[in-house]
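Inspection log for the structure reproduced underneath, given as structure tokens.
No value in this document is a laboratory result; all are computed from the given coordinates. All values reported here derive from a predicted model rather than from experimental measurement. Positions of Cβ are backbone-derived with ideal geometry, glycine not excepted, and every protein chain shown enters the neighbour counts.
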Amino acid sequence: MSSIEEDLRILDHKLGQLRLAYDQYFLGARPREPRLLRQEVQKLVLTYSNQPITNTGLRFKFGSLCARYQAFKRQWEETLRKIEEGSYSRHRFKARLHAEESPGEAAPAPGPGKDRGTREAGSLFEAWVQARRSCGQEVESLSPERFEAQLRKQEAALRERLGGGDFRFRVVVEDGRPRLKAARLTGSG
């Protein structure tokens, strides 16, 4: 009986930690989603979901913890979906704030075609470096020249696959990794 009680105390504590960790992640204070802690909580929930708890008080406490976890989980999944869609209000606010501070970096830069200016290419490179830093990846070996060559190569592959046109690139972070996303410019191709 005491081991179940202790495990439920641990589950309650870890659930509180997980809620705080997700709050920090959604506010931008944590670079990555707290997946390991979430897996630990999920494991404890599954362990006691599959075995009977004979003490009524402990069974009620476990049921309450499970309900809280499920409510948090729904909230987190909804917020993660909004972030992925780009409709999460806190992220839109931060993007606007960032755009006001340095307009060249927040806006997507056009692809590496002839008409792109040095300032736009530099701001896309800076956004790439910033995204890698925020994900905890090294940035010392990066160079604007190699980055520009990679963009040209990627744009050539897109033109071949999609049949020409000009593209605009932007830097996004997905699953804790920086990525370059391309969009065809309107009226091209």
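Annotations
- Where Rh is the Kirkwood radius over Cα pairs, Rg/Rh for segment 2-85: 1.03
- If R0 is 35 Å, the Cβ-Cβ spacing of GLU160 and PHE72 corresponds to a FRET efficiency of close to 0.15.
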